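So the structure is just underneath, and the comments pick up after that.
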Amino acid sequence: MDICIGGILDGQKRKDDQTHFKVDNHYSDHGSEYNKEYFHLDGQLHSFWISEELDFDEALRRAELILNTRFLVI
């Protein structure tokens, strides 16, 4: 999936083979750093970019919402 959760790129997809990246906001001093995390659902592995600003519980809750919404729509 490679969807960004939190930070400047929240909700956007980013295809990248790295495990970490940083994005700077050119209009302010604020930037976001992301780490690639993997979540299992129904035997499938899904990847997300999680902002370092979020704690694990919030990131997991948001990833589950994305996954559950996606599987309900399909």
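The strands (runs of 3 or more DSSP E) found entirely in the chain that carry 2 or more residues being of a type outside the set (Val, Ile, Thr) are 20-24, 31-41, 44-51.
For region 17-60, a residue qualifies if it is closer than 19 Å to Met1 by Cβ and surrounded by fewer than 12 Cβ atoms within 10 Å (Cβ to Cβ), and the qualifying residues are Asp17, Gln18, Thr19, His20, Tyr38, His40, Asp42, Gly43, Gln44, Leu45, Phe56.
Figure legend. Inter-residue proximity from region 21-34: first residues more than 15 Å from Phe48 (Cα to Cα), second residues of a type in the set (A, V, I, L, M, F, W, C), beta-carbon distance below 8 Å, spacing 6+ or different chains. Indicated pairs: Val23/Ile8; Val23/Leu9; Asn25/Ile8; His30/Ile8; Gly31/Ile8; Gly31/Val23.
Read-outs throughout are calculated quantities, based only on the coordinates presented, and are distinct from any laboratory measurement. Note that the structure is predicted; figures quoted are calculated from it, not measured. Note that we place each Cβ from the backbone using ideal geometry, even for glycine, and neighbour counts take in every protein chain shown.
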